[in-house]
């Protein structure tokens, strides 16, 4: 399995370029390809904000032990921990070598390290060493008293000394006992997020709308259960349902914060991209804590390069509104339009409103949908589309951005718009290719705007 | 030489009436492929600012006559006029058709039109028509009194009506009699601009530094003349010299404003890209006005798709400083470094200073250049490079951004740095591949920073 050279079992020496006194072998901590380290840093630094008032939150924690090296970053709401999977000396598989190195913990400024590593040739070997490395948090003072607390990073002729902070101060996630959990293919969870996340509210006053609501659902006793996700900002709503995965029936209802969703989106994409071509799509494990059920969720999935990533996230503490009431159950009027043609026409007519208003007037009439945008400043844009429509003509105003995002989140060649009257919410669902029936798995709702 | 502006002294044939089917064939004004119109609009709208207090400056002027249709935009300092070269009805070559259409002038909001046309399929045919089209500025009232003054733009099922303004109000460039002129390949002028434009000042208080100084130069009587360009912001300077083109000896010294240079950069790039592969590089004509010599310059070059573009630009009215005094004539100390290696090392060490300071400490010593950046916050970055150096060790502080931009503007595999003492300007020139001699055609100077 491992292609190893002759004498690879001795501890690697730090520094190692040019002159100077012989480097202290005890300082050797991490030796890894720049490209591998860069990918790992990108995975975890998504939660590091620009400039924290608590300096340690700007840092990433390196920890070696139990045969692995991990990187952790946190904003106190989300912890992302990542294997440095391909840590090695000279080749892509250095698992044996990782097992041989002695345990340590070390913090480094995350953004600066990411930038520094990003400027190196991705094939270059990076050595990270620090004086007086600690074995674990709490096991004694870091570094020499009054000594240099900077870690040395070197690659080729480039050498960096970055300030390190005491790893004791790095916040650990609260311990978590697992109450319920289930698994999904990353592709399935990723598609479900993509179908609803455009509707997540950014209004901080309605903080309980700042995420995706995930909950198991049963329509009535004896009815089959499913797993639902919804997001809304009051002006539009997306809702998707999935077949109930094993173990999800007892999962608590949770609101996953916007940043959690964004971090998972990136990680799942990397996992899908990194998976071997013929393999099953990588799976993500979702677990809820038993203490204060629903207050914390843990995710585990493969990293893009074969290690594992763990995300522990606080959920939003609030009640998600009874969103089902917003979805028109059986709208009496129905229009069916080609989805791609509608999207293209919306893009064109919306150009005129771009600077002032996003409202587009949609007039449904016999076999024709007419989209109009007018502005006092520039003039008017108008486009007609073929449209299956049986009733009296009806004109509805819709926000062109919300409408486009809803259409983009749907699938299928055609979209069915369910209407009631000009002031009522518009329900949109994809139309099945084969039988022309509407699928209820994925629903988008857009509230009308005044025209 | 290129054709001058269109002759607009055609007899009037009367305008159409405003709207209502059947369409009046006399209203048909422009019919052109969306892709062709979009390229032409992009060429001219570079001078249209976001939101002008004078509404007409937000508009582009269409003018047909003399067998061509032109688009013009201006910010009152620069006028860009562009042929709608491939204007046609059904194919790529509609020159005959263009000749057959009746003369007109028409203004349309530039940015809105660009956005609208950009959303169309580039193959789609666009028709622009307006009621009561005018033959030329000043030839009578636009449109019907109290009628619709909007132009109709249609392509497929998409229809737009954009407000048009009276073409009379569109500012014409002052008439210009040519005093001197010369031609250069676009590649040569483009390279010369690229070699110095990074050093153009953005400080509005020193407005006379907000451009490139262009002047013919003769070192002394009997010495050969050349054509020089220079830019400086006080902290660095770029200067390039070209063989004197025919006609340039009598060209006045001018300061070409930053926006003029940017507009020409884009147009020259399009001309070079659009030229047939085996052909000579397209040439640009540069002419100076005889009234108030040097106050206005005219440029003419081919458009990317075969038409022509004309740029008339006011020059900056001020005295460019005697920049030659800033260039060390014969610096006593000389270092020679690999240019690509120095650039890569600078990029890496500069990461640490990114947030706070761009100063990098460069220590020249026997056969080695050491670059160091230190910050209180993050730590220190250091990299060594092989370097030909004969003197005592010398440490100089340089702004890493200015240094990198100077190196990028130079050519050759190696760069020679001419130094005097730590506080003196540093001269940089490329080193010839063959004989190791320094070329004086292109010089960069960077002032030292305190370390």
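The values are calculated or read from the model by the stated rules, or taken from the named source; none is laboratory data. Keep in mind that this is a model prediction, so the values were computed, not measured. Don't worry about glycine lacking a Cβ; one is built from the backbone with ideal geometry, like all the others, and counts go over all protein chains shown.
Residue-by-condition table, conditions (1) in contact (Cβ under 8 Å) with a residue 40 or more places away in the chain; (2) touching a strand residue (DSSP E or B) at 6+ places or on another chain (Cβ under 7 Å); (3) buried (at least 22 other Cβ atoms within 10 Å of the Cβ):
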| site | (1), (2), (3) |
| --- | --- |
| A:387 | yes, yes, no |
| A:390 | yes, no, no |
| A:393 | no, yes, no |
| A:405 | yes, no, no |
| A:441 | yes, yes, no |
Looking at the stretch B:283-292, can you tell me whether even one residue there is surrounded by fewer than 22 Cβ atoms within 10 Å (Cβ to Cβ), at negative phi, modelled with pLDDT under 95 and not in a strand (DSSP E or B)? yes
For the stretch A:366-380, the count of residues that are under 28 Å from residue A:234 (Cα atoms) and touching a helix residue (DSSP H, G or I) at 6+ places or on another chain (Cβ under 9 Å) equals 6
Kindly establish whether residue B:383 is crowded, with 18+ Cβ neighbours inside 10 Å, within 14 Å of another protein chain (Cβ to nearest Cβ) and touching a strand residue (DSSP E or B) at 6+ places or on another chain (Cβ under 6 Å). yes
Output the strands (runs of 3 or more DSSP E) that fall wholly within the stretch A:16-101 and possess 3 or more residues being at pLDDT 85 or above and surrounded by 21 or more Cβ atoms within 10 Å (Cβ to Cβ), or say none. A:59-65, A:68-74, A:78-83
Here are some residues: B:143, B:147. Which one is surrounded by fewer than 20 Cβ atoms within 10 Å (Cβ to Cβ), over 13 Å from residue B:35 (Cα atoms), modelled with pLDDT under 55 and assigned by TED's automatic domain parsing to the domain that holds residue B:73? B:147
Hits in the stretch B:386-432 (condition: closer than 17 Å to residue B:342 by Cβ, away from chain A (no Cβ under 14 Å) and not in a strand (DSSP E or B)): B:401, B:402, B:403, B:405, B:406, B:407, B:408, B:409, B:410, B:411, B:412, B:413
Of the residues in the stretch B:418-430, those that are crowded, with 21+ Cβ neighbours inside 10 Å and in contact with a helix residue (DSSP H, G or I) (Cβ under 9 Å, 6 or more places away or on another chain) come to B:426, B:428, B:430
Condition check: without any contact (Cβ under 8 Å) to a residue 24 or more places away in the chain, outside any strand (DSSP E or B), surrounded by fewer than 22 Cβ atoms within 10 Å (Cβ to Cβ) and within 14 Å of chain A (Cβ to nearest Cβ). Does residue B:344 satisfy that? yes
Which number in (1) in the same structural domain as residue A:184 (by TED's automatic domain parsing); (2) in contact with a strand residue (DSSP E or B) (Cβ under 8 Å, 6 or more places away or on another chain); (3) over 24 Å from residue A:204 (Cβ atoms) marks the one condition that residue A:331 misses? (1)
Go through the stretch B:356-380 and report how many residues are away from chain A (no Cβ under 12 Å) and assigned to a loop (DSSP other than H, G, I, E, B). 4
Checked the stretch B:259-282 for anything surrounded by fewer than 17 Cβ atoms within 10 Å (Cβ to Cβ) and part of a loop (DSSP other than H, G, I, E, B); matches are B:276, B:277, B:278, B:279, B:280, B:281
Could you count how many residues in the stretch A:189-213 are over 19 Å from residue A:406 (Cα atoms) and crowded, with 21+ Cβ neighbours inside 10 Å? 0
